[in-house]
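J.: Sharing a structure, written as structure tokens. Questions coming.
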Amino acid sequence: MITKSLKYIAFCSVFCGIAAVTTSCSDWDDHYEASEAQGSNLTLWEQLKQEPQLSDFCQVLEQTKVFRMHRKTSVSYADLLASGGQSFTVVAPVNGTFNRDSLLNLVQTNQGDSVVEKFFVHNHLSRLSCSLTEKEQQMLLLNQKHVMMQGTTIQGVSIIKPNCHAKNGVLHVASTSLPYDYNLYEALCDIPEMSGIGSILRQYEEDYFDADNSVSSGIVEGVPVYVDSVVIERNKMLERIGLLNVEDSTYWVVAPTTEGWNRAWEQTVNYFNYDKKVNKRDSIQQYWTCRALLDDAIFNMTDQKSPEDSLVSVPYLSWLRSYKIGKPTFHVFFHPFQPGGILYGAQTVRCSNGVLYQVNEWPFTPEQTFFKELWTEAENLTLITDIKKNEKGNNMCNTISQRVVADSISEDSYLRIIPLTSTTNWELSFRVNNTLSAEYDVCAIILPKSVKEIDNPNLRPCKFKATINYVDEEGVSQTFKCNNDKTFQNDPLRVDTVVLAEAFRFPSCNYDQDDIKVSVRLICNILPKESSKYAREMYLDCIYLRPRRTTNE
């Protein structure tokens, strides 16, 4: 279990909003009406003040102010407990079991008050009346943490005076303060050894105004006016990789300590080197580097069938349900706890919504995660960017998508390229999506005619040239002539992977861009006198880019 003094927390950025529960006194009265408990006419505050052993706790409640929409109000938690408008459960630790002076010093500043509110006050208050019984039950605290209560204990803490009923709730006098259990997001942000990841994740926090749940008083001069505004805190990165800040979720996260994270970052960031004409290139580079390192590090445990055997990372669960047999199965990690597995030797940190597996190094290879094979399916006509025309303006070839179910054919389809005439040399280009600034073997997979013409196939090879079109780091278009502008031939008797360029390096990244700047052009190159030796018709399965890593990575 993680422990940390509130004094240390004060120096960390304050995260996780509480706008939904930290409203003004009147707001709370409107939404949560108290049901008067039997046998007491005292408020919770009056009961607290009657207990001399709770004087330190009372001082903290008097000095800690309610935050609403990130602003400190004039309402204290003593005021809330003194009002009869809402029911609470209060778990009050006795004097000497927490650092009263440290808390009172913190509340003198807005940031410190917010820290004390969330990590201490909200950790001892619930908005509903919960009495202790012999039956195990769960109580939701104001900071959205769930604690277990049964008999004379709450979250393992002994209750020395339980079930003190007040007219606006229940008081339990505790032998010490309740432990604060970090959720996974808090752990990544606040454990000093994980600060490398936490500092990046915090940059994606933002607040947005929720007009649907805000209370409007009408429109003044064409502008909506709200008497009760709801602002919701969100983290755009967590919305993509996994809601690690949600208490009702259960995740496993494997993450390196800061030194290991920094080493992985330095290696990975170079794959996302966008050209200088890309708007906000630095921000995009940081975003996708973070995604590359974390997309496969988070596992939603409600979706794992056998975690000891295999784990499937969060962003790819929907993809996995429809993945093509025969293609590599990315984002599935087998035998995670065995030697060589991603969780082998990890230090476990139990959190309120899952487990953090802390490792020294990023436990993946780029090829397991973000540096993937790229497939441009030729039969997808939308990926054809250009077909050369003749002097009459007609395409120099026809393109027909054909389907044949076979394990050796990608997506069970291919493109039939038919020259306009028997002597026409055609040219056409295919766009390639999501290239990284890295090295690939650029290939064309060409099928034998026998896949369709079983009885009398044309077994002559195709003869063609190829070019790769891309942009350099300055954003200037460049063309690379494959094989020194010499021709290629395919093997007409088999499914043939023709390597057009070996270890070709794209100097700039084109990942997740609408403006696709990479294409591969095939150029039929058969002389009239060679027509009997070669075939101008081609059955093209796909353009295929195979990742290659340099030895110094």
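J.: Multiply the residue separation of residue 505 and residue 302 by 0.36 nm, subtract the distance between their alpha-carbon atoms, and state the gained length in nm to one decimal. Present the calculation step by step, with values, prior to reporting the outcome.
T.: On the way: separation 203, 0.36 × 203 = 73.08 nm, distance 4.05 nm.
Answer, rounded to one decimal: 69.0 nm.
J.: Just grab the label-to-label distance for residue 148 and residue 97, each label 7 Å out from Cα along the Cβ direction, in nm (one decimal).
T.: 1.9
J.: For residue 493 and residue 332, what is the calculated FRET efficiency with R₀ set at 35 Å and r taken between the beta-carbons, to the nearest 0.05?
T.: 0.50
J.: On the full set of protein chains, 1.4 Å probe, figure out the accessible area of residue 473 and give it in Å² to the nearest 10.
T.: Probe radius 1.4 Å; accessible area of residue 473 about 90 Å².
J.: A follow-up question, please. Which value, in Å² and to the nearest 10, is the accessible area of residue 109 when all protein chains are kept and the probe is 1.4 Å?
T.: 80
J.: Could you pull out every residue, at least 5 positions away or on a different chain, whose amide H is within less than 5 Å of the one on residue 362? Hs are placed 1.01 Å off N in the peptide plane, and Pro or chain starts have none.
T.: 264
J.: Report the gain in length on full extension from residue 405 to residue 140: 0.36 nm times residue separation, minus Cα-Cα distance, nm rounded to one decimal. Each step should come with its number before you reach the end.
T.: Numbers: separation 265, 0.36 × 265 = 95.40 nm, distance 5.48 nm.
89.9 nm is the gain from fully extending residue 405 to residue 140.
J.: Could you tally the net charge around residue 488, taking each other residue with its Cβ under 13 Å from the Cβ of residue 488, Lys/Arg +1 and Asp/Glu -1?
T.: Working: positive: 463, 465, 481, 486, 521; negative: 485, 491, 496, 502.
Charge balance near residue 488 sits at +1.
J.: Can you list which of the trypsin sites (Lys or Arg not before Pro) found in segment 462-500 are DSSP loop residues with at most 13 other C-beta atoms within 10 Å? All intermediate terms of the calculation are to be shown ahead of the outcome.
T.: Details: sites: 463, 465, 481, 486, 494; in loops: 486, 494.
Hits after loop and neighbour filter: 486, 494.
J.: Any of 372/449; 449/481; 236/517; 236/305; 452/533 with alpha carbons more than 25 Å apart? Name them for me.
T.: Values: 372/449 30 Å; 449/481 27 Å; 236/517 27 Å; 236/305 28 Å; 452/533 21 Å.
Over 25 Å apart, Cα to Cα: 372/449; 449/481; 236/517; 236/305.
J.: Could you give the dipole magnitude of segment 454-495 about its Cα centre, charging the beta-carbon of Lys and Arg +1 and that of Asp and Glu -1, in debye to the nearest 20? Please report the intermediate quantities before stating the final value.
T.: On the way: 6 positive and 6 negative charges, 75 e Å.
The dipole of segment 454-495 has a size of about 360 debye.
The values are calculated or read from the model by the stated rules, or taken from the named source; none is laboratory data. Every value quoted in this text rests on a predicted model; they were computed, and no experiment measured them. Neighbour counts run over all protein chains shown; Cβ positions are idealised from the backbone, glycine included. Ligands, DNA and RNA are stripped out before the accessible areas are found, and what is left, the full protein with its side chains, is counted by its heavy atoms. Shrake-Rupley method; radii C 1.70, N 1.55, O 1.52, S 1.80 Å.
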